[in-house]
Amino acid sequence: MKEIFEAIEKSAIEIADAIDRDSFSYSETHNAHGDHQLELDLECDKIIEDNFRSVSNLRGISSEEKDGFLELGEGEYLISYDPLDGSSLVDVNLSVGSIFGIYKNEFLGKNLIASAYVVYGPRVELVIAVDEVKMYRLHKEEKKFHFVKNLKLQEKGRITATGATQNGWSEKHRNFVRDLFDGGYRLRYSGGMVPDLHQILLKEGGIFSYPSTTDRQKAKLRLLFEVFPFAHIFEKAGGRAVTEELSRVLEVVPENLHDTSPCFFGSKSEIEVVEKYYGR
Ligand code: AFP
């Protein structure tokens with residue numbers, strides 16, 4: 001595992017440089033989700049692939065930017081990753097991130113043994129969850145990450161972030177969001193899952209939701225590349241992650257590498273609000 005975390009740290013440093021240096025133009029390709037890929041998406045994907053190629057105990061990797069599974073060896077670990085989440089925000093200079101899930105045997109939520117994400121913002125921060133959730137910050141001159149603190153959610157927060165096209169929201173979702181606003185919650189949504197969830201973790205509470213919509217029943221966020229790693233991190237931080245059926249996100253069984261699912265990540269009190277509306 002140590003080698004895997006070192007490869008993630010090295011990738012984060014190289015990606016932070018690439019964001020500063022590279023152009024934000026589109027490539028000629030689309031990924032499996034139909035997203036038009038930036039040259040930077042492809043560059044970040046390659047940085048991570050190259051760093052994982054030198055890790056000795058990997059069986060293979062799966063990336064949001066690659067169609068299929070890439071076998072790397074006979075090792076025991078599998079990694080799923082999103083190299084540059086929120087890449088449509090790069091041109092407007094908002095924070096973006098990389099997300100990683102580390103599994104044994106199969107890409108199932110219950111097989112996740114560690115997860116991590118990196119936020120590329122005014123500062124570069126790395127969060128790793130194994131048993132606890134630990135945050136590190138990049139010292140740019142030293143090119144090293146330093147431990148900052150453990151992240152732990154309180155029972156209840158004060159902010160909410162909710163995605164998707166609002167005119168496609170269900171009545172349940174509208175009522176859920178109205179309940180939060182009536183209860184004094186403030187909206188914090190950038191369109192980048194990594195900074196939005198990082199904010200909830202650092203403010204020690206709140207809720208992020210990405211619901212199904214009339215035109216997208218399975219919503220947008222990808223189970224392997226975005227949803228499972230954050231569900232693992234939120235649970236380890238003392239929060240919860242559920243689907244619209246109110247089951248644990250980590251119990252969802254994906255049929256394909258690129259499957260998506262509606263999802264809610266929050267501290268305990270806000271997930272009870274989800275249960276109040278989605279349980280009906
Ligand atoms: P991009 O990588 O295309 O910018 O999408 C970002 C993202 O996957 C996730 O980071 C956001 O939370 C979500 O999509 C935003 O989606 P909506 O704009 O539909 O709310």
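Coordinate-derived values only; no laboratory data. What you see is a predicted model; the values in this text were computed from it and never measured. No Cβ is skipped: glycine too gets one built from the backbone with ideal geometry, and neighbour counts run over all protein chains shown.
So here's what we get for this one:
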quantity: Pair E76, D131: separation of 7 Å Cα→Cβ label points (nm); calculated: 1.7 nm
quantity: Fraction of beta bridges assigned by DSSP in the range 56-204 that are antiparallel (%, nearest 5); calculated: 85 percent
quantity: Relative contact order [Cα under 8 Å, 6+ residues apart], the range 159-278, whole percent; calculated: 30 percent
quantity: Label-point separation, Y26 to I113 (7 Å along Cα→Cβ), nm; calculated: 4.1 nm
quantity: Folded to 0 to 90 degrees: helix 39-53 orientation relative to the chain principal axis, Cα; calculated: 60 degrees
quantity: P(r) histogram, all alpha-carbon pairs of the chain included - 5 Å bins from 0, percent; calculated: 1, 6, 13, 18, 20, 18, 13, 7, 3, 1, 0
quantity: Charge dipole of the chain about the Cα centre (unit charges at C-beta), most positive-ward option of I113, F147, V96; calculated: F147
quantity: The chain: most fluctuating residue of S80, S95, S170 per GNM, C-alpha cutoff 10 Å; calculated: S170
quantity: Listed residues E244, E204, E14, most fluctuating in the chain (Gaussian network, C-alpha, under 10 Å); calculated: E14
quantity: Length-normalised contact order of the range 2-150 in % [C-alpha pairs under 8 Å, at least 6 apart]; calculated: 14 percent
quantity: Rotationally averaged projected area of the range 2-150 (alpha carbon convex hull; nm²); calculated: 8.9 nm²
quantity: Cβ-derived FRET efficiency at R0 22 Å, R186 paired with Q154, nearest 0.05; calculated: 0.85
quantity: Amide H within-cut-off set for T260, under 5 Å, with H built and near neighbours excluded; calculated: L223
quantity: Computed FRET value (nearest 0.05) for E272 with T165, which takes r as the C-beta separation and R₀ as 35 Å; calculated: 0.85
quantity: The range 40-104-the range 171-240 distance, computed between alpha-carbon centres (Å); calculated: 22 Å
quantity: Helix 268-278 vs. the chain, principal-axis angle (Cα, 0 to 90°, nearest 10); calculated: 60 degrees
quantity: Length-normalised contact order of the chain in % [C-alpha pairs under 8 Å, at least 6 apart]; calculated: 15 percent
quantity: Scattering profile of the range 123-209 at q = 0.10 Å⁻¹ [log10 I(q)/I(0), Debye over alpha-carbon scatterers]; calculated: -0.34
quantity: FRET efficiency estimate (nearest 0.05) - Cβ-Cβ, Q217 to R123, R0 25 angstrom; calculated: 0.10
quantity: Angle in degrees between helix 171-182 and the longest Cα principal axis of the chain, rounded to the nearest 10; calculated: 90 degrees
quantity: Test item: Cα-centred dipole of the range 2-150, Lys/Arg +1 and Asp/Glu -1 on Cβ, debye; calculated: 700 debye
quantity: The chain, dipole about Cα centre (Lys/Arg Cβ +1, Asp/Glu Cβ -1), debye to the nearest 20; calculated: 1300 debye
